[in-house]
Amino acid sequence: MLRELNIKNFALVEDMNISFEPGLNVILGETGSGKSNIIDSLSILLGDRAQKDKIRQGTNRAYISAAFDIDDNEEVIKKLKERSIEVCDEPLIISKEISLNSSSVTRINNIISPASFVKELAEHLIDIYGQFENINILSKSMQRNFIDSFANYKHQEDLLEFKNSYENYLKLQRDLENFSKSPEEIGRDLDFLKFQIDEINNSNVLSINEEELEAKLTLIENSQELKENASKILNLLDYDDESILTNLGRTISFSEKIESRDENFLELRERLNRSYIEIEDIKYEISSYFESLDFDEAEYKDLDNKRSILFEMKRKYGNSIHDIKSYLEDALQKVNQIENYEKIIEDKKNKLNNIEMDLVKSAQIISKTRKDIANKLKEQIETQLQELEMKDSKFEVDFKEIPLSRDGIDEITFYISFNINEPLKELSTVASGGEISRFMLAVKSIEANVDEIPTLIFDEIDSGISGNAGNIVGKKLKNLSNSHQLLCISHLPQIISKGDNLFLVYKEVDNGKMTSKIKKLTYEEKIQSLAKIIEGDNYSNHTYLTAKKMIDDNLRGAK
């Protein structure tokens with residue numbers, strides 16, 4: 001149940017706090033007073049897109065919050081626990097902040113939560129019925145969706161699986177269309193692919209080690225400079241009178257003389273000997289390195305040619321040898337497909353046909369479930385319409401088989417007759433505004449019992465209704481409020497008088513700005529407001545007494 005709604009800086013509302021109670025809560029007020037702001041704020045809070053132009057002029061952000069009693073709402077409690085949101089004895093608080101300069105932020109019990117999750121919760125908290133649903137229910141697609149909404153969980157799962165399979169079916173259809181080509185196109189593609197395959201294979205590019213190739217070419221192209229520096233090292237090591245090895249040899253000779261007189265010098269002399277051996281070994285390795293820098297022209301041309309081939313292949317088929325290899329594998333696969341074109345086409349068609357047959361079977365199961373639902377719904381709607389004093393009404397759901405689509409094979413049309421001896425006709429062609437409103441109230445009454453949603457909101461359910469029809473709708477709403485909390489925006493005295501709680505929305509100029517406000521009416525204010533609605537501001541004593549009787553009759557009925 002909706003316990004409290006708080007709205008700040010939203011449209012005409014500066015700061016509004018409303019405490020709702022069980023039963024029938026009726027919101028009244030003059031046109032333009034801001035009644036719709038209450039429904040709009042709730043819709044946005046519970047998942048509708050937050051429009052920044054709803055932020056009150058002169059402010060940067062709007063804030064909406066609602067408190068719900070969820071003690072007996074098992075579905076909501078279950079979903080909260082799945083999200084690890086603590087469930088306690090306190091009301092569930094959902095809030096949303098809409099900012100001019102940043103994205104909207106939604107919180108559940110002060111924990112930031114995705115709006116999509118709030119929308120999931122809302123399906124088990126509140127059902128908001130607006131006037132636009134009168135138009136929607138006239139659409140055949142919405143009528144089909146309406147039938148589906150009464151189905152069990154298994155049917156919903158079947159529908160989802162069917163839609164996913166149908167999307168896959170469409171994808172395979174597109175793949176088959178894209179794969180299908182004329183013999184001339186196939187021949188051209190095959191010739192070109194074989195040319196590319198031969199070019200890659202004949203180039204031997206896949207056998208090239210790119211790192212080794214680049215290293216060898218770098219060595220050859222810098223060999224002259226390398227030899228010059230190696231030669232200088234060899235000269236410094238051994239090939240002149242003041243070379244390192246010559247001087248080191250002299251050093252060893254002196255050390256031997258010292259060591260012959262002082263055995264403590266033995267270790268230093270041995271280290272000098274080892275250094276001589278190490279440097280002499282280095283000299284021989286550098287000498288070998290120097291000789292290895294002799295390259296013939298043929299070797300260089302061969303390596304340079306490989307580099308040119310590699311460059312050309314990379315330009316055509318990829319940025320690396322790995323890419324070229326992948327291109328070759330893909331080309332070979334395409335050639336295989338083309339050479340086995342007929343078989344592949346046949347396999348694809350067979351697969352498509354099998355999926356189509358499975359889809360048809362699933363669609364038939366879905367259709368049967370819909371027909372079962374429609375049969376039950378026919379009785380329920382006719383019963384509800386009788387309770388709304390439309391005793392001669394007849395309702396039928398017509399099924400017409402159509403080509404397979406993502407919604408199945410059913411075109412569903414609602415047929416209705418509101419009067420005795422009147423033939424059944426499409427709902428979209430025969431219903432007046434008042435009749436549609438009563439039909440939708442019948443529908444919502446059935447939905448409320450099926451879904452067990454605790455709070456129902458009716459935004460001007462009285463559209464097109466007056467006189468006795470209004471009284472009948474009021475009684476229906478009153479009865480419905482015995483099992484559900486109802487919030488109704490209404491202009492109709494017959495409905496307003498039956499409200500357990502009446503709230504008046506009005507406008508005031510506050511600090512130079514027009515502001516929408518709300519107050520809960522006392523017993524006397526209820527009578528006065530109802531009298532104004534019946535006759536106007538200058539109502540007579542007779543109208544006052546009429547309004548009082550209507551209010552009192554409701555109170556006596558409540559007792």
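The values are calculated or read from the model by the stated rules, or taken from the named source; none is laboratory data. Every value quoted in this text rests on a predicted model; they were computed, and no experiment measured them. We place every Cβ from the backbone using ideal geometry, glycine too, and count neighbours over all the protein chains shown.
Some points to look at:
- Unique residue being surrounded by fewer than 19 Cβ atoms within 10 Å (Cβ to Cβ) and modelled with pLDDT of 85 or more when the list is Phe132, Phe117: Phe117
- Test result for Gly58, surrounded by fewer than 17 Cβ atoms within 10 Å (Cβ to Cβ) and more than 17 Å from Asn109 (Cβ to Cβ): yes
- When each of Asp72, Asp89 is tested for being in contact with a Pro (Cβ under 9 Å, 6 or more places away or on another chain), assigned to a loop (DSSP other than H, G, I, E, B), assigned by TED's automatic domain parsing to the domain that holds Val13 and more than 27 Å from Phe162 (Cα to Cα), the lone residue that passes is Asp72.
- Qualifying positions in segment 454-478 - touching a helix residue (DSSP H, G or I) at 6+ places or on another chain (Cβ under 8 Å) and touching a residue at least 40 places away in the same chain (Cβ under 8 Å): Leu456, Ile457, Phe458, Asp459, Ile461, Ser463, Ala469, Ile472, Val473, Lys476, Leu477, Lys478
- Within segment 202-256, the residues that satisfy the criterion of being within 26 Å of Glu297 (Cβ to Cβ) and not in a helix (DSSP H, G or I) are Asn204, Ile208, Asn209, Asn222.
- Within segment 403-425, being among the aliphatic types (A, V, I, L, M) and surrounded by 14 or more Cβ atoms within 10 Å (Cβ to Cβ) holds for Leu404, Ile409, Ile412, Ile416, Leu424.
- Residue check for Ile44: under 29 Å from Ala531 (Cα atoms) and assigned to a helix (DSSP H, G or I): no
- Verdict on Lys400 being surrounded by fewer than 18 Cβ atoms within 10 Å (Cβ to Cβ) and either in contact (Cβ under 8 Å) with a residue 12 or more places away in the chain or outside any helix (DSSP H, G or I) (or both): yes
- Among the candidates Lys498, Lys519, residue that is in contact (Cβ under 8 Å) with a residue 12 or more places away in the chain and closer than 15 Å to Glu30 by Cα: Lys519
- Subset of segment 328-368 that is of a type in the set (Ser, Thr, Tyr) and under 36 Å from the mean Cα position of the chain (by Cα) - its residue that is surrounded by the fewest Cβ atoms within 10 Å (Cβ to Cβ): Ser367
- Residue list for segment 527-552, restricted to those being acidic (Asp, Glu) and part of a helix (DSSP H, G or I): Glu535, Asp552
Yes or no, residue by residue, for (1) modelled with pLDDT of 90 or more; (2) farther than 24 Å from Ile55 by Cα; (3) crowded, with 19+ Cβ neighbours inside 10 Å:
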{"site": "Ser483", "(1), (2), (3)": "no, yes, no"}
{"site": "His491", "(1), (2), (3)": "no, yes, no"}
{"site": "Tyr506", "(1), (2), (3)": "yes, no, no"}
{"site": "Asp510", "(1), (2), (3)": "no, no, no"}
{"site": "Lys549", "(1), (2), (3)": "yes, yes, no"}
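- Test: Glu435 is of a type in the set (D, E, K, R), in contact (Cβ under 8 Å) with a residue 12 or more places away in the chain, part of a helix (DSSP H, G or I) and outside the structural domain of Glu120 (by TED's automatic domain parsing): yes
Yes or no, residue by residue, for (1) touching a Lys or Arg at 6+ places or on another chain (Cβ under 6 Å); (2) hydroxyl-bearing (Ser, Thr, Tyr); (3) part of a helix (DSSP H, G or I); (4) more than 30 Å from Leu159 (Cβ to Cβ):
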| position | (1), (2), (3), (4) |
| --- | --- |
| Arg269 | no, no, yes, yes |
| Ser275 | no, yes, yes, yes |
| Ile279 | no, no, yes, yes |
| Lys283 | no, no, yes, yes |
| Tyr289 | no, yes, yes, yes |
| Val335 | no, no, yes, yes |
| Met357 | no, no, yes, no |
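- Annotation: Glu508 fulfils all but one of (1) under 46 Å from the mean Cα position of the chain (by Cα); (2) acidic (Asp, Glu); (3) assigned to a helix (DSSP H, G or I); the unmet one is (3).
- Applying the set (1) in contact with a strand residue (DSSP E or B) (Cβ under 8 Å, 6 or more places away or on another chain); (2) not in a helix (DSSP H, G or I) to Leu121 leaves exactly one unmet item: (2).
- Restricting segment 512-526 to residues that are modelled with pLDDT of 90 or more and outside any helix (DSSP H, G or I), the residue that is surrounded by the most Cβ atoms within 10 Å (Cβ to Cβ): Ser516
- If you check Lys314, Lys349, Lys334 for being over 24 Å from Glu185 (Cβ atoms) and of a type in the set (D, E, K, R), only one passes: Lys314.
- Some residue of segment 16-23 being under 24 Å from Ser481 (Cβ atoms), assigned by TED's automatic domain parsing to the domain that holds Asn501 and touching a Lys or Arg at 6+ places or on another chain (Cβ under 6 Å): no
- Per the listing Glu312, Glu329, Glu299, Glu346, the residue uniquely farther than 30 Å from Leu245 by Cβ and either outside any helix (DSSP H, G or I) or outside the structural domain of Tyr239 (by TED's automatic domain parsing) (or both) is Glu346.
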